[in-house]
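The values are calculated or read from the model by the stated rules, or taken from the named source; none is laboratory data. Note that the coordinates shown come from a computational prediction; the quantities given were computed from them, not determined experimentally. Here the Cβ positions follow ideal geometry from the backbone for every residue, glycine too, while neighbour counts run over all protein chains shown.
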Amino acid sequence: MADMNDNIRENSYKFECMFQSLRKTKEHISLTIAIHPNDVPRDLLADPIGARYIAALVRVDDNEEIIPPPLQAAANRLVQSAGMLCREQKFQKWLVDSGCGDEISEESASKYLRRLLGINSRRQIAEEDHVARHFGQIRNIYESGQLLGAPDNAQVVF
């Protein structure tokens, strides 16, 4: 993936643009942007109409500060929450008591949380909606004091 990202970085057009309009049809969404004439890459003008691109847009304010997308910011907070939970000894013990872990450690908690979520990286919590929902369910069960897979009346004593 790093090679792909490097290749994209090396071969990309870089310019500032301004969002002007959005039009939705059954087949697609048309996004119109405005580029200052001095910022238009010359090669872009020579590209054929209908050429395909990979686009990465980063919103900035008037002070050139990045404005994170609200949904992405919320997803990133979930990833941070997963990391914080795995550092909590109480959560680590809860995983072991639930039969989902074999030792009380951050490394073990991280491994078993990823296994419970069916993911390779906690980053996937931000990238996949079903994983985010599943993480929320696990966190809610933990915060309620119940064991995973236990009857509703089985409580953990910390």
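What the table shows:
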| item | result |
| --- | --- |
| Considering residues of region 100-128 that are under 15 Å from the mean Cα position of the chain (by Cα) and outside any loop (DSSP other than H, G, I, E, B) only, the residue surrounded by the most Cβ atoms within 10 Å (Cβ to Cβ) | Ile125 |
| Helices (runs of 4 or more DSSP H) enclosed by region 10-99 - at least 3 residues per element that are of a type in the set (Gly, Ala, Ser) | 70-87 |
| Qualifying residue in region 61-78 (condition: surrounded by fewer than 17 Cβ atoms within 10 Å (Cβ to Cβ), farther than 30 Å from Glu10 by Cβ, touching a Phe, Trp or Tyr at 6+ places or on another chain (Cβ under 9 Å) and at pLDDT below 90) | no |
